[in-house]
Amino acid sequence: MGVTLTPIGSNVQCYDERDDDDLSKADDVSGEGAETSRAVRGQRPRLPRPNRTVLADEVYEALKAMLMNNAVDPGQRLTTDSLAQEMGVSRTPVREGLARLESEGLVVKRPLAGYLVTPPLDRKALEELYTVRLLLEPAAARLAALHATEEQIEQLTADNPALLHAPASGARYEDYQAFAAEDGRFHDLLAAASGVSLLHECIRRLHAHVHTYRLWPRAGTPIEALREHAAILDALRRRDAAGAEEAMRAHLEGAHARLTNAL
């Protein structure tokens, strides 16, 4: 399956590993050697190296959208060189983006083969994911009701009005990206509020919001999910440990049912 990625800003000056040598050679711009180089540097401070953070994030998001939209076949090989050329950037941000995607389980690195695209969840993988989530996340909600600070609880409140207007189904990742990010943020913050760092790490490493949202266009129900989040938050504010545990269980069971119907 062919994939076309939109070039990242044609006027962006990309940093490449070779630039270091080029910059050092450029000090002697007039051919007069070190004296001229020192004179030039004395006229103004040497320019700092540009910050590549924004470019790296843009490349990562573009690659992630390609995978979340299932625009490439499972098992397809992705190479740094071809992606960099297609996007009009250097290899460095592409390598960084692929490494981040590997940590989320969207690609897997194979020796001498580069990165391969992982398949979306099938029924068996979905069942396994929610079996583990139902073991971990209701317990995290119960502990959060007991141990979370007021600040941690308030951080769970969604403050993005656009979430209420996320498309219900048939959308591309770009259309529901904000909603997927909010879902991941909510579950991560709640796990952190449990006060058990190992439990938080186990939940975080599932990257459940990444994998399940590859199925979301066929099962998108943002209002239901937001209502379920609100019920969890209400129990946390009341310091109702049993209520928070049950509300989280109901949320996960509802999400599991919606996604199973989408398969």
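The values are calculated or read from the model by the stated rules, or taken from the named source; none is laboratory data. All values reported here derive from a predicted model rather than from experimental measurement. All Cβ positions, even for glycine, are placed from backbone atoms using ideal geometry, and neighbour counts span all protein chains on display. Areas reflect the complete protein model, heavy atoms only, side chains present, ligands, DNA and RNA absent. Shrake-Rupley method; radii C 1.70, N 1.55, O 1.52, S 1.80 Å.
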Quick one: net charge of A180's neighbours, Cβ under 13 Å, K/R +1, D/E -1?
-3
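How much of the accessible area of segment 197-263, in percent, comes from carbon and sulfur atoms when a 1.4 Å probe is used?
Exposed carbon and sulfur together represent 53 percent of the surface.
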Would you work out the charge dipole size for segment 108-263 about its Cα centre, treating the Cβ of every Lys and Arg as +1 and the Cβ of every Asp and Glu as -1, and quote it to the nearest 20 debye?
600 debye
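At a threshold of 8 angstrom on Cα-Cα distance, excluding pairs fewer than six apart, so keeping six or more, what relative contact order does segment 50-114 reach in percent?
42 percent
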Sum up the charges of everything whose Cβ sits under 11 Å from the Cβ of G243, counting Lys and Arg as +1 and Asp and Glu as -1, but leave G243 out.
+1
